[in-house]
Amino acid sequence: MKFLIDIGYVFLASLLLAMIFLSFDYSFGQAFFLGTLFMPGAFALKYFIPQLSFSDRKKGAADAFYLAMAVTVLTFFLVLTIHTYVFRPSKFHEVLLNPVFTVLILGIIVSGDVSLQRLYAKFSSKIPDTVSFVSDRHKVAVNTADIAYIESNDKEVYIHMSDGTLYRNKTPISQWESVLGDRFIRSHRAFLVNLDCISGLDSDCLSVGMETVPVSRKYRESVSKRILQEKQ
């Protein structure tokens with residue numbers, strides 16, 4: 001189901017972009033194809049943005065800038081290549097090489113996709129009994145209920161099991177949040193916790209088994225409300 005939603009969103013986003021590019025004197029087929037050229041950059045942003053760290057603000061801002069420039073250059077390359085070898089060069093519209101226009105379009109695509117994923121997660125109340133992923137080049141399948149919490153650390157994600165087993169994975173924590181459903185809550189930008197494994201709450205941390213998980217100021221109120229609801 002999620003795969004079909006992703007495919008549908010790519011089609012819809014490409015179609016909406018085609019409506020814009022039709023005003024640049026492209027045929028519908030060319031305008032739609034041109035719209036699809038923005039998708040690789042958008043999905044690169046979607047994948048890498050959750051991995052940015054702003055613990056060091058200057059480094060985080062620099063990494064975000066370099067990421068934006070990289071996906072912009074990628075999109076420019078695809079657009080120029082298609083115009084050179086597929087479309088007639090005379091059709092080229094110079095706004096397509098405007099970095100502000102390109103970043104704006106990519107940002108809108110990513111924002112729409114993130115909103116759609118959150119909406120899907122909200123209404124997809126059924127939690128999968130098991131979840132499969134790759135850890136250290138091996139495919140692993142675990143019971144969802146046995147996952148205590150997910151921890152994001154730079155480019156890797158750690159899956160902490162309730163029995164103390166630890167798995168490494170590279171799937172962004174935002175995607176884990178979509179997969180695991182509403183029994184897992186964010187307590188921090190880098191932590192996703194199983195509600196059923198929480199044994200206590202302090203002002204700035206959760207007790208999860210024998211371990212503690214931080215609660216950031218951003219998520220403190222939502223975490224407190226959710227745990228209170230569970231007790232009622």
Heavy-atom accessible area ranking, 1.4 Å probe, most first, across ILE147, ILE108: ILE108, ILE147
Cα-based helix-to-principal-axis angle, 39-48 vs the chain, degrees rounded to 10: 30
Accessible area of the range 118-232 belonging to carbon and sulfur atoms, whole % at 1.4 Å probe: 48
THR84 accessible area, assembled protein chains, probe 1.4 Å, Å²: 90
Distance violations [Cα-Cα > 26 Å] among LYS46/LYS139; LYS139/LYS225; LYS59/LYS225; LYS170/LYS218; LYS139/LYS218; LYS58/LYS139: LYS139/LYS225; LYS59/LYS225; LYS139/LYS218; LYS58/LYS139
Cα centre as origin, Lys/Arg/Asp/Glu Cβ charges: the chain dipole, Debye: 360
Within the chain, helix-based [θ] at 222 nm, where runs of 4 or more DSSP H residues each add -39,500 (n - 2.57), nearest 500: -16500 deg cm²/dmol
Percent carbon-and-sulfur accessible area, the range 2-111, ignoring ligands, DNA and RNA, probe 1.4 Å: 75
Probe 1.4 Å, protein heavy atoms only - accessible area per residue of the chain in square angstrom: 59
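The values are calculated or read from the model by the stated rules, or taken from the named source; none is laboratory data. Predicted model, so just to flag it, every value in this text is computed and none were measured. Neighbour counts run over all protein chains shown; Cβ positions are idealised from the backbone, glycine included. The accessibility values were calculated without ligands, DNA or RNA, using every heavy atom of the protein model including side chains. Shrake-Rupley method; radii C 1.70, N 1.55, O 1.52, S 1.80 Å.
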